[in-house]
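The values are calculated or read from the model by the stated rules, or taken from the named source; none is laboratory data. Here the structure is a predicted model, which is why all the values come from computation and not from measurement. Cβ: placed from backbone, ideal geometry, glycine included. Neighbour counts: every protein chain shown.
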Amino acid sequence: MVKICCIGGGYVGGPTMAVIAYKCPSVVVTVVDISVQRITAWNSDKLPIYEPGLDDVVKQCRGKNLFFSTEVEKHVAEADIVFVSVNTPTKTQGLGAGKAADLTYWESSARMIADVSKSSKIVVEKSTVPVKTAEAIEKILTHNSKGIDFQILSNPEFLAEGTAINDLFMPDRVLIGGRETPGGQRAIKVLKDIYAQWVPEERIICTNLWSAELSKLAANAFLAQRISSINAMSALCEATGADVSQVSHAIGKDSRIGAKFLNASVGFGGSCFQKDILNLVYICECNGLSEVANYWKQIIEVNDYQKRRFVNRIVSSMFNTISGKRIAILGFSFKKDTGDTRETPAIDVCRGLLGDQAQLNIYDPQVPEQQIHKDLSMPKYNWNYPVHSVSMCPDDLKQVRVVSSAYEATKDAHGICILTEWDEFKSLNFQKIYDNMQKPAYVFDGRNVVDVEKLRRIGFVVYSIGKPLDPWLKDMPAVM
Ligand SMILES: NC(=O)C1=CN([C@@H]2O[C@H](COP(=O)(O)OP(=O)(O)OC[C@H]3O[C@@H](n4cnc5c(N)ncnc54)[C@H](O)[C@@H]3O)[C@@H](O)[C@H]2O)C=CC1
Ligand SMILES: O=C(O)[C@H]1O[C@H](OP(=O)(O)OP(=O)(O)OC[C@H]2O[C@@H](n3ccc(=O)[nH]c3=O)[C@H](O)[C@@H]2O)[C@H](O)[C@@H](O)[C@@H]1O
């Protein structure tokens, strides 16, 4: 019976291992984590992450062939395959600060694997790592191996939050990179045989280590690049009277471009796009490829511009002052169907509004109040560090009230910002909301979820990303 141990029970380790256990009943999977809080939650009825469909999968396997434990060393020692799915945040200090990946957690995992192992193991990079990380890991393992054979594989994860279970059940592809040696090829086959229990063989791509590592960074860079491209277009749409949804539709019909990932928004968020592009930029710079680095850097600059532009629109359309005005923030997570707030554009937008002295009523169906306070008071880049390692003493943000419904958030507010595309925001009773707001009442839709014409008929002044401007806004040009 194959024994798998996964170090790191987060958004990737938890769901991926649950699905492997579910699809491969003959494999025993143990997820280990240094966070007692996380492991306790994985063993309880309230899982540590919100992900549609995850509860069912976990309930069906937990205690049978899926286990969650804090006994990291014991389970690593017993495993045949060790996945490493720990944090790889952006470095906050030292060489490469603000760009390079911080491999502290990875390296300490590798050293621990070398220390406790008594039998040969396949070590799988599941975290997203810089190209050539496998070489560094190999060095750590072999220098401390006491003659034990370690094979390193790169098996990057492509799941997206909110659709993780579906993505894992039916992946577009599974990517496995390994050494081109007989030992490396044998290791690839062992991992391939596990995935082949539910993934069609033609979707399992095997490459060398460096191609697999780089493909993960490249995939995220290409995806983010599409969003920054359409967001750049959204600014031009507002300036010219074109409608970005019509433009997306028209260009997406070209099969070479494709329709997905062309939704203009207030900006992309999530724990990985920015971090992985910064990492890519750093690798380019280290290789003397400054033009290539600058090309990818621009994706992030456009994303920051988009968030700034949104805040400036709000302030300028409210007579250039929002001091003391109450603004309802609908949605705080970085996308719908997740409670994850890492790098959510809501943080930058809220900070921008708070900087202009606004009062905020924040509502999100999945993000707890304490998380919102933490996010708004935590230094940038700390978001991707393990929860236990970040000091958590949120400032008392007197301007922020976290409430439990969209109706409560909008009561007596001057304006509404929609920052996450939660389905429930599409079916709100906007007439009722309008009646309970200060006038003029504004809606700033950062996700293009509302029916702009319907809201204008009710009486709202509406700004929707990349849509023809409300006459009110035309007279109030924002400084971009
Ligand atoms: N979140 C996502 O959707 C995706 C993330 N990734 C990559 O996967 C990796 C993990 O990301 P997430 O799961 O989102 O992070 P996460 O923060 O949710 O989970 C990481 C876990 O590793 C644990 N950990 C850290 N050091 C440890 C150690 N030495 N021993 C045991 N446990 C340790 C932490 O306590 C934490 O629970 C990152 O490299 C990320 O870039 C890749 C694809 C998708
Ligand atoms: O490496 C990772 O962490 C993962 O990053 C993304 O997944 P995720 O960040 O969970 O979610 P996405 O659906 O990609 O959305 C990212 C951000 O882009 C925004 N977005 C997405 C699509 C779009 O058309 N417009 C847009 O603004 C979303 O609202 C969200 O803020 C990738 O889609 C995954 O393939 C990858 O595995």
Residues located in the stretch 443-459, provided they are within 23 Å of Val367 (Cβ to Cβ) and not aliphatic (A, V, I, L, M)
Phe444, Asp445, Gly446, Arg447, Asn448
Can you tell me which residue among Glu291, Glu213 is over 23 Å from the mean Cα position of the chain (by Cα) and of a type in the set (D, E, K, R)?
Glu291
Checking the condition of a type in the set (Gly, Ala, Ser) and assigned to a helix (DSSP H, G or I), which residue from Ala114, Ala97 passes?
Ala114
Within the stretch 115-143, residues within 13 Å of ligand 1 (Cβ to nearest atom) and closer than 23 Å to Val12 by Cα come out as Val124, Glu125, Lys126, Ser127, Thr128, Val129, Pro130, Thr133
Enumeration of residues in the stretch 1-32 that are farther than 19 Å from Cys272 by Cβ and without any contact (Cβ under 8 Å) to a residue 60 or more places away in the chain
Met1, Ala18, Ala21, Tyr22, Pro25, Ser26, Val28, Val29, Thr30, Val31, Val32
Positions within the stretch 427-444 being under 30 Å from Glu161 (Cβ atoms) and loosely packed, with under 12 Cβ neighbours inside 10 Å, in sequence order:
Ser427, Asn429
Quick one: how many residues across the stretch 6-48 are part of a loop (DSSP other than H, G, I, E, B) and either farther than 20 Å from Ala196 by Cα or within 11 Å of ligand 1 (Cβ to nearest atom) (or both)?
14
Condition met for Val129 (touching a residue at least 60 places away in the same chain (Cβ under 8 Å), buried (at least 18 other Cβ atoms within 10 Å of the Cβ) and of a type in the set (Val, Ile, Thr)):
yes
Selection status of Lys74, of a type outside the set (S, T, N, Q), within 15 Å of ligand 1 (Cβ to nearest atom) and assigned to a helix (DSSP H, G or I):
yes
Qualifying position, being in a loop (DSSP other than H, G, I, E, B), hydrophobic (A, V, I, L, M, F, W, C) and more than 16 Å from ligand 1 (Cβ to nearest atom), among Phe319, Phe310, Phe334
Phe319
Members of the stretch 181-199 found to be under 17 Å from Leu159 (Cα atoms) and assigned to a loop (DSSP other than H, G, I, E, B), listed by number:
Trp198, Val199
Output for the stretch 305-363, where each listed residue is in contact (Cβ under 8 Å) with a residue 60 or more places away in the chain, away from ligand 2 (no atom under 16 Å from the Cβ) and charged (D, E, K, R):
Arg313, Lys325, Arg326
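Here is a yes/no grid of residues against (1) among the hydroxyl-bearing types (Ser, Thr, Tyr); (2) surrounded by 21 or more Cβ atoms within 10 Å (Cβ to Cβ); (3) at pLDDT below 95:
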site: Ala235; (1), (2), (3): no, no, no
site: Ala264; (1), (2), (3): no, yes, no
site: Gly267; (1), (2), (3): no, yes, no
site: Ser271; (1), (2), (3): yes, yes, yes
Scanning the stretch 394-434 residue by residue, the ones that are more than 27 Å from the chain's Cα centre (by Cα) and of a type in the set (Ser, Thr, Tyr) total 3
Taking the criterion of being away from ligand 2 (no atom under 13 Å from the Cβ) and part of a loop (DSSP other than H, G, I, E, B), would at least one residue in the stretch 219-238 satisfy it?
no
When only residues in the stretch 234-283 that are hydroxyl-bearing (Ser, Thr, Tyr) and over 21 Å from Phe222 (Cβ atoms) count, which is nearest to ligand 1 (Cβ to nearest atom)?
Ser245
Please go through the stretch 352-382 and give me each residue that is in a loop (DSSP other than H, G, I, E, B) and surrounded by 21 or more Cβ atoms within 10 Å (Cβ to Cβ), ordered by number.
Ala358, Asp364, Val367
Take residues that are at pLDDT 95 or above and tell me which of the helices (runs of 4 or more DSSP H) falling wholly in the stretch 391-480 contain 1 or more.
406-410, 430-435, 452-458
Failed condition for Ile322, given (1) on the phi < 0 side of the Ramachandran plot; (2) touching a Ser or Thr at 6+ places or on another chain (Cβ under 8 Å)
(2)
Within 16 Å of ligand 1 (Cβ to nearest atom), crowded, with 21+ Cβ neighbours inside 10 Å, modelled with pLDDT of 95 or more and not in a helix (DSSP H, G or I): does that describe Leu159?
no
Which residue pairs have Cβ atoms closer than 6 Å, lie 6 or more positions apart in sequence or on different chains, and pair a first residue in the stretch 413-425 that is within 16 Å of ligand 1 (Cβ to nearest atom) with a second residue that is not in a loop (DSSP other than H, G, I, E, B)?
none
All conditions in (1) within 16 Å of ligand 2 (Cβ to nearest atom); (2) charged (D, E, K, R); (3) farther than 24 Å from Val27 by Cβ; (4) crowded, with 16+ Cβ neighbours inside 10 Å are true of Lys253 except (4)
Residue pairs, Cβ under 9 Å, 6 or more apart or interchain, first in the stretch 137-159 and farther than 15 Å from Asn208 by Cβ and within 16 Å of ligand 2 (Cβ to nearest atom), second assigned to a helix (DSSP H, G or I) and β-branched (Val, Ile, Thr). List them.
Glu157/Thr16; Leu159/Thr16; Leu159/Ile165
